1. In segment 151-170, what residues are without any contact (Cβ under 8 Å) to a residue 60 or more places away in the chain and either farther than 18 Å from Pro108 by Cβ or open to solvent by 50 Å² or more (accessible area, probe 1.4 Å) (or both)?
2. Could you please find all residues in segment 125-152 being within 11 Å of the ligand (Cβ to nearest atom) and either closer than 16 Å to Lys97 by Cα or touching a Leu at 6+ places or on another chain (Cβ under 6 Å) (or both)?
3. Residues that are modelled with pLDDT of 90 or more and either in contact with a Cys (Cβ under 9 Å, 6 or more places away or on another chain) or not assigned by TED's automatic domain parsing to the domain that holds Leu148 (or both): does segment 14-29 have at least one?
4. If you take the residues of segment 110-124 that are surrounded by 14 or more Cβ atoms within 10 Å (Cβ to Cβ) and hydrophobic (A, V, I, L, M, F, W, C), which of them is farthest from the ligand (Cβ to nearest atom)?
5. Check whether at least one residue in segment 83-93 is assigned by TED's automatic domain parsing to the domain that holds Phe57 and surrounded by 18 or more Cβ atoms within 10 Å (Cβ to Cβ), and report yes or no.
6. In segment 100-159, which strands (runs of 3 or more DSSP E) lie fully inside it and hold 1 or more residues that are more than 25 Å from Asn62 (Cα to Cα)?
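The values are calculated or read from the model by the stated rules, or taken from the named source; none is laboratory data. Computed from a predicted model, the values in this text were never measured in an experiment. When we count neighbours, we look across all protein chains shown, and the Cβ atoms used for this are built from the backbone with ideal geometry, even at glycine. When the accessible area is computed, the model is the full protein with side chains, heavy atoms only, and any ligands, DNA or RNA have been set aside. Shrake-Rupley method; radii C 1.70, N 1.55, O 1.52, S 1.80 Å.
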Amino acid sequence: MTNHTSTPRSQDPEDIKKRNFIKGLTGGVLGLLTLSITWPFVSYLIPTTAGGREERFIKVPNFPDMPLGVPTKMNFQDLEEQAFLKMSTVYDIWVIKHSPTEATVYSPLCPHLNCRYSWDAKQFACPCHGSNFNLAGKCTAGPSPRPLDSLPYKIEGGELFVQWKQFKAGIPDKVEA
Ligand code: FES
């Protein structure tokens, strides 16, 4: 037969104080460890404001070499660092360069239901439900409830910088999603 015995805990006030101190210390260290592990994920979910993810203009490569007046599909990469996490997102856009200092930049998503459209040498054409758009972005055929969505941009030192935004599909107004 096994005999289980346990040592009674000392009820000396000094010992109780020590035990409470060690408990508090352990809890604090565990809390800090948990925070340091989860913070990159938690902070990514917190919406950013000025200077954050949605406010940044990102350089689009090769703008100086683009032909004038021809809609061209371009890509740019958004590299974001949060604590020790690095995230990379590649976006595509349509750019029409009017001059070295002027351009039109469209979201690649059809405003009807977010399909990607293409340029067929005469117009922008969406393969999903047949919406067509002219160079100015105006819907000339199909169910799209609004023109193509332009994106904010700036040109500095001959280079193009674009702010990525996404808009709600299927409604007449251009509302950020
Ligand atoms: S998603 Fe483009 S026409 Fe429907």
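1. Glu156, Gly157, Gln166, Lys168
2. Within segment 125-152, the first condition is being within 11 Å of the ligand (Cβ to nearest atom), and the residues that meet it are 125-133, 139, 141-145, 148.
Hit for segment 125-152 is Phe133, nothing else.
3. no
4. For segment 110-124, the residue satisfying everything is Trp119.
5. Yes - at least one qualifying residue is present in segment 83-93.
6. 139-141
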